[in-house]
Structure formats: C-alpha cells, structure tokens
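As structure tokens, the structure follows; a few thoughts come after it.
The values are calculated or read from the model by the stated rules, or taken from the named source; none is laboratory data. On a predicted model such as this, the values are computed, not experimentally measured, just so you know. Every residue, glycine among them, receives a Cβ derived from its backbone with ideal geometry; neighbour counts consider all protein chains shown. These area figures cover heavy atoms from the full protein model, side chains too; ligands, DNA and RNA do not enter into them. Shrake-Rupley method; radii C 1.70, N 1.55, O 1.52, S 1.80 Å.
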Amino acid sequence: MLEVTYYGHSCVAATDGTHRIIIDPFITGNPQANLKASDVKVDFILVTHGHGDHLGDAVEIAKRNKATIIAPNELAIYVSKQGAQAHNMHIGGSHVFPFGRVKLTIAHHGSAAGDGLVYTGNPCGFLVTIGGKTIYHSGDTGLFYDMKLIGEMNPIDIAFLPIGDNFTMGIEDAVKAVEFLRPKKVTPMHYKTWPVIDTEPTEFASKLKGTGSEVIIMKPGQSITV
Ligand code: NI
Ligand code: MN
C-alpha cells in the first residue's frame, strides 16, 4: 500500500501506513503549501538539492522529528553542520532504509544553499520503493536521455516531473520524459509557484492522452493511493 500526498511545488509525502517520508519539504514560504512545517511528522526526509525551494524546512523538520535527511553527500554534510541527522548518498548508489529502497539518479541542474552560494554538490533525483511501489521524483532537471534507462530498469508506479520551464523541463520536454520513463502514473510538479513557471498542467495531460501513462494533476494537500 502506498499513499502519496502532494504539497505543491516539488514537495511530496509518502507513507506505507507505517513509515512516513517527505521529499523536498519546501513548506514555509511555499505559496501552494496548505500545512505548517511544524505539523509535518516523518521518519525520513529526502532532499534532491540545496536550493531553498527544495531544502526548505528539512533541517527544522529533521530536528523536531529526530528524522534523518537523505541527500547527496555534500548537501548531507551541509545539513549535518546545521545539526540535523543525515545519511549521505550519491548518484547511482542505493540503500535500503526501514521504509524501503532509495536510489539516487542524475539530475541536470545546480545545487547551492544558504545565501545561494554555499555549494552543495550535485543535484539528484530519487527512485524510492515504499509500500511495494516505486516512485520516481526527478528533482529539478532538464530532460536527459538516460531517463530511458531509468524507465527500462525500473517499473515506475508514479513519477513526479517538473513542467514549469525556465529552471527545469517545460511541458514539451516533460512529455518526452514520460515517453522515456513509461510510468503508470505521472504527476506534474514545479509549476505555478511563481509567475516565471506559470505553465498549464492540463496541456501536459492532453499531450499524454492515449499513452500508457495516466496523468494525475494533484491539488496541494491532495492524497492518492497508488
Ligand atoms: Ni533548483
Ligand atoms: Mn526548484
């Protein structure tokens, strides 16, 4: 059993009924989020890169919940220095946690924290297996052809892909990403948070009509069972 909840932008929570995880917990300052960071109860926090709209409230949530942050090495070191417990990983590596397996994938983007100039290594995406299902959360990225390999090697039950353009893939490239990944379900993310990423998820959905991938446009706060 897997229940996923979308909190707007790139923030996704998942639970198998026992374990609770959250990915890219940008809540404070996220105009789409309809919960408070102080209400988040999780065991693990996965962070794709150091940008404020992804690292977000991760350190505060980790400290309060005594939860572990899973992140690429340099970002894990950064959050450790802020007093959070971290599990350092890197691209291509996987590890089995109490909730399931996490594998880090490449992402074509940047990664910096603090004032935006503290280098936090390479950004990543996550393949997460929890509740017997596999989630692919690409993080912020441009389109890359290795998504075809990710799709071939992993049966993806639900993919979260950015469609907002400007900083990440736009709709046209995200549609191509879905062709490569062939997920059963796909949920667009990283759009409409600010005017510069104001793309239409319905356009993304209509371009994928008739493909084997079901587009699920999730409203912030909405949960679905996968
Ligand atoms: Ni970013
Ligand atoms: Mn971002």
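Taking 0.36 nm per residue of sequence separation and removing the Cα-Cα distance, the residue 87/residue 28 pair yields an extension gain of 18.9 nm. Projecting the Cα atoms of 100, 217, 69 onto the dipole axis of the chain, where Lys and Arg carry +1 and Asp and Glu carry -1 at the beta carbon, places 100 farthest toward the positive end. Rounded to the nearest 0.05, what FRET efficiency is calculated for residue 172 and residue 202 with R0 set to 22 Å and r the Cβ-Cβ distance? Working from the Cβ atoms, E equals 0.90. Only one residue of 193, 141, 131 has its Cα farthest out toward the positive end of the dipole of the stretch 131-207, where Lys and Arg carry +1 and Asp and Glu -1 on Cβ, and that residue is 131. Taking the Cα centre of the chain as origin and assigning +1 to Lys and Arg Cβ atoms and -1 to Asp and Glu Cβ atoms, the resulting dipole is close to 600 debye.
On full extension, the segment bounded by residue 94 and residue 77 gains 4.3 nm, given 0.36 nm per residue less the C-alpha separation.
Model label sites at residue 41 and residue 16, defined 7 Å from Cα along the beta-carbon direction, differ in position by 2.0 nm. Computed with a 1.4 Å probe on the full set of protein chains, the accessible area for residue 179 sits at about 100 Å². So what's the angle, to the nearest 10 degrees on a 0 to 90 scale, between helix 171-181 and the longest Cα principal axis of the chain? Helix 171-181 sits at roughly 90 degrees to that axis.
Using the structure shown, select from 192/219; 133/176; 63/103 the pairs with a Cα to Cα distance greater than 20 angstrom. Where the Cα-Cα span goes over 20 Å, the pairs concerned are 133/176; 63/103.
For the stretch 26-81, the solvent-accessible area works out to 40 Å² per residue, with a probe of 1.4 Å and every protein chain left in place. Within the accessible surface of the stretch 119-174, defined with a 1.4 Å probe on protein heavy atoms only, the carbon and sulfur portion equals 48 percent. Annotation: per residue accessible area for the stretch 94-192 equals 39 Å², rounded to a whole number [probe 1.4 Å, protein chains only].
Quickly estimate the mean residue ellipticity at 222 nm for the chain, helices only: each DSSP H run with n ≥ 4 gives -39500 (n - 2.57), and the total goes over all residues, rounded to 500. Per the formula, -5500 deg cm²/dmol.
Convex hull volume of the Cα atoms of the chain, normalised per residue: 104 Å³. For the stretch 69-108, the share of accessible area belonging to carbon and sulfur comes to 50 percent (1.4 Å probe, ligands and nucleic acids excluded).
Antiparallel beta bridges, as assigned by DSSP with both residues in the chain, represent about 60 percent of the total such bridges.
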